[in-house]
Amino acid sequence: MKTESKLQKLLDSGHFAVTAEIGPPKHASAHGIRHHAQMLKDYVDATNITDCQTAIVRLSSIASAVHILDCGLEPIVQMTCRDRNRIAIQSDLLGAYSLGVRNLLCLSGDHQKFGNEPSAKNVYDIDSIQLIYLMRRMRDEKLFFSGEPIKEHEPRFFIGAVANPFADPFEFRVARLEKKVEAGAEFIQTQCIFDMERFERFMEMVRERGIHERVHILAGVTPLKSWRAAKYLQTSVSGMIVPDDIVERLKKADDPKREGIEICIEQIKHIRTIPGVHGVHIMAIAWEEVVPEIVERSGLYPRPKVE
Amino acid sequence: MIIAQQKPIKDIAAMIEDCKKVLLVGCAGCVTVCLSGGEKETEVLASSLRIMRRLQGNPLETVTITATRQCDPEYIEPLENLVKDVDAIISLACGVGVQYLAERFHDKWVVPAQNTMFVGGSRTHGVWEERCGLCGDCILHRTGGICPIIRCSKSILNGPCGGSQYGKCEISKDVDCAWQLIYDRMKALGKLDKLMEIQPPKDWSKSRDGGPRKAIREDVMIG
Ligand code: SF4
Ligand code: SF4
């Protein structure tokens, strides 16, 4: 189903897409996100705006998206199922669409235990797969989640989802990805890839089931600043696999930040050779300024133009 | 059964600090089985409170009794005589018992000695685990007999989420991922294809989100 998303046009016309991620701040000024949007806009095709990631209260994803649009960059609004029931989700997404947002990424969201409001009540009225399905139905069949018809102006999002090849049970990860595609996901962004071998195996299973022909998969990468950052992801974040050799490489490096960028560029070059991957999603967490260099040196600059 | 755990004694003492004489009511139902509010725990709590108050130079008089069940009017009726001359009632039942006592003895100060935690069962002696979220529309036949509503930290119906790793939930290495358990069981039963069906959103109006619930069985009603 066609939408007004530029990201969709690009992917559907066979381009290798580049997306990035901007994390909204823990305050009420958009100065930083606008600065990042300006910096990224010529280097990426669209950027995710996280929705209170790791359950930390931050400036709203939809409000941030408006600032980003204003800077000339296409936003991908993330919507988690953690904080809103089906009434709030629909209302917020109607609002987001009215403000010009065309890309939506549906996620469960990190449990609030990890954030700065651990005593909050979580919602989980619906889960991410149900959200994908209901938003697809809202667009294609013009129905609210309840089944009530939307008389006019239904929101027409390009619908995305996430996949984590590094979570367990591994054998079921591809099946669950397929379930998301069945539900209506049209693009997929993966968890950051450090274990390339496992990702290759994942993609092999994706190709066996022909899923790569039904959905655009964007492989997630994250440049690491230090071996400590690598170690933290390795030991403290559930659903993440960081091989020891990456930790070691950063440890031995004279300039770990440079090394982190080099590793990331190598990963992107490798990912581009894997059949069925249609783009790369660069999550430079609190390090957005390195994205232009990474894109350029990975041979992905300049970005193609679409109408 | 309902699993409850006693509040810290200083919290219970604070609720009755102006009282001279209190009635402690245990319950012979669930809280006896989970070793938190039966006859024995009621006696122990009464004597602990007395000792505490004596040390503070403000002695407390206690009366104790354990009802067969506090969630049944017929078993709390006989408490009437004991209630008369006390300043407060401490219930060691679950939250239902506390409310039944408050409803029956409406001019008495009734306080809870327990935190009512969950519906579950015992694992080994001294360990209880939550098993049912009382959702009012059981789906265990679709999830291999493992409840995702209460055992998955996000109540996901189409799991597992991306935080599941090495069989554990993203919230803690001590918590099993319910969806790993569901996957393993469905696999063992040769029913993995069932997990490919998209489970529809749940009707939470059958759960507490529809307001307090009532169950009526007309066939067993008298008169
Ligand atoms: S599905 Fe509902 S009724 Fe069944 S065990 Fe879970 S919470 Fe209880
Ligand atoms: S890790 Fe498993 S139990 Fe925990 S929230 Fe995710 S699916 Fe649910």
When the charge dipole of the range B:1-83 is computed with +1 at the Cβ of Lys and Arg and -1 at the Cβ of Asp and Glu, the Cα pointing farthest to the positive end, of B:Val31, B:Pro59, B:Cys71, is that of B:Pro59
Taking alpha-carbon centroids only, the range B:149-176 lies from the range A:229-303 a number of Å equal to 27
Per DSSP, the loop-located GluC sites (Glu not before Pro) within the range B:16-97 having at most 16 other beta carbons within 10 Å are B:Glu17
Note: B:198-205 gets an average of partner chain Cβ contacts (10 Å, Cβ to Cβ) equal to 5
For the range B:39-99 the trypsin sites (Lys or Arg not before Pro) that pass both the DSSP coil test and the at-most-10 other-Cβ-within-10 Å test are B:Lys84
Kirkwood Rh over alpha-carbon pairs of the range B:2-118 plugged into Stokes-Einstein at 25 °C, 0.890 mPa s gives a D in µm²/s of 179
Each residue of B:149-160 has, on average, a number of other protein chain C-beta atoms within 10 Å of its C-beta equal to 6
Measuring from the longest principal axis of the C-alpha atoms of chain A, the long axis of helix A:170-183 (C-alpha) lies at a number of degrees, nearest 10, equal to 30
For the protein assembly as shown, the dipole about the Cα centre with charges only on Cβ (Lys and Arg +1, Asp and Glu -1), to the nearest 20 debye, works out at 160
Sorting A:Val306, A:Gln267, A:Ser236 by the position of each Cα along the dipole of the range A:234-307 (Lys, Arg +1; Asp, Glu -1; all at Cβ), the one nearest the positive end of that ordering is A:Val306
Sorting A:Ile285, A:Met138, A:Met39 by the position of each Cα along the dipole of chain A (Lys, Arg +1; Asp, Glu -1; all at Cβ), the one nearest the positive end of that ordering is A:Met138
Cα-only Rg/Rh for the range A:87-147 with Kirkwood Rh rounds to 1.02
One computes Rg over Rh for chain A from alpha-carbon atoms, with the Kirkwood Rh, and obtains 0.94
Share of Cα-Cα pairs in the range B:133-209 beyond 22 Å, whole percent, is 22
If each part is reduced to its alpha-carbon centroid, the range A:194-215 and the range A:71-93 end up apart, in Å, by 28
What the Cα atoms of the range A:135-291 span along the principal axes, largest first and in whole Å, is 62, 34, 28
Per residue, the convex hull enclosing the alpha carbons of chain B has a volume in Å³ of 172
For the range A:178-221 the translational diffusion coefficient, Stokes-Einstein from a Kirkwood Rh over Cα pairs at 20 °C and viscosity 1.002 mPa s, in µm²/s, is roughly 198
Computed for chain A: size of charge dipole around the Cα centre, +1 on C-beta of each Lys and Arg, -1 on C-beta of each Asp and Glu, debye to nearest 20, value 320
Taking the square root of 5λ for each eigenvalue of the C-alpha gyration tensor of the protein assembly as shown, the equivalent ellipsoid has semi-axes, largest first and in whole angstrom, of 53, 26, 23
The set of residues whose placed amide H lies less than 5 Å from the amide H of A:Leu105, leaving out same-chain residues fewer than 5 positions away, is A:Val77, A:Gln78, A:Met79, A:Gly160
Applied in sequence order to the range A:148-165, the curve 6.51 cos²θ - 1.76 cosθ + 1.60 (Karplus, θ = phi - 60°) yields integer Hz couplings, x standing for Gly and Pro, of 5, x, 9, 5, 8, 6, 6, x, 10, 7, 7, 9, x, 8, 10, 9, 10, x
The size of the Cβ-based charge dipole (Lys, Arg +1; Asp, Glu -1) of the range B:2-118 about the Cα centre, to the nearest 20 debye, is 400
Here the averaged projected area of the range A:1-131, based on the convex hull of its alpha-carbon atoms and given in nm², is 8.2
Diffing the range B:174-190: the Karplus 3J(HN,Hα) column from phi (6.51, -1.76, 1.60, θ = phi - 60°), in whole Hz with x for Gly and Pro, holds 9, 10, 5, 6, 4, 6, 5, 5, 5, 4, 4, 6, 5, 5, 4, 8, x
Spelling it out for A:Ile217: with amide H atoms placed in the peptide plane at 1.01 Å from N, the residues 5 or more places away or on another chain with amide H under 5 Å from its amide H are A:Ile188, A:His278
Residues other than B:Pro73 with Cβ under 14 Å of its Cβ, Lys/Arg counted +1 and Asp/Glu -1, net out at -3
Here the convex hull volume per residue of the range A:111-223, taken over Cα atoms and given in Å³, is 147
The answer for B:Thr66, listing residues at least 5 apart or on another chain whose modeled amide H is closer than 5 Å to its amide H, is B:Gly26
If each part is reduced to its alpha-carbon centroid, the range A:119-180 and the range B:15-44 end up apart, in Å, by 48
Taking Cα atoms only, helix B:39-55 is inclined relative to the longest principal axis of chain B by an angle, in degrees rounded to 10, of 50
Losing no less than 10 Å² of accessible area (probe 1.4 Å) relative to the isolated chain, the residues of the range A:235-255 are A:Thr235, A:Ser238, A:Gly239, A:Met240, A:Ile241
Taking Cα atoms, the helix A:31-40 axis meets the longest principal axis of chain A at an angle in degrees (rounded to 10) of 70
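The values are calculated or read from the model by the stated rules, or taken from the named source; none is laboratory data. The shown structure was predicted, so the numbers you read here are calculated from the model rather than taken from an experiment. Cβ coordinates were reconstructed from backbone atoms using ideal geometry, including for glycine residues, and neighbour counts include every protein chain displayed. Accessible surface is based on the protein model in full, side chains and every heavy atom, while ligands, DNA and RNA are left aside. Shrake-Rupley method; radii C 1.70, N 1.55, O 1.52, S 1.80 Å.
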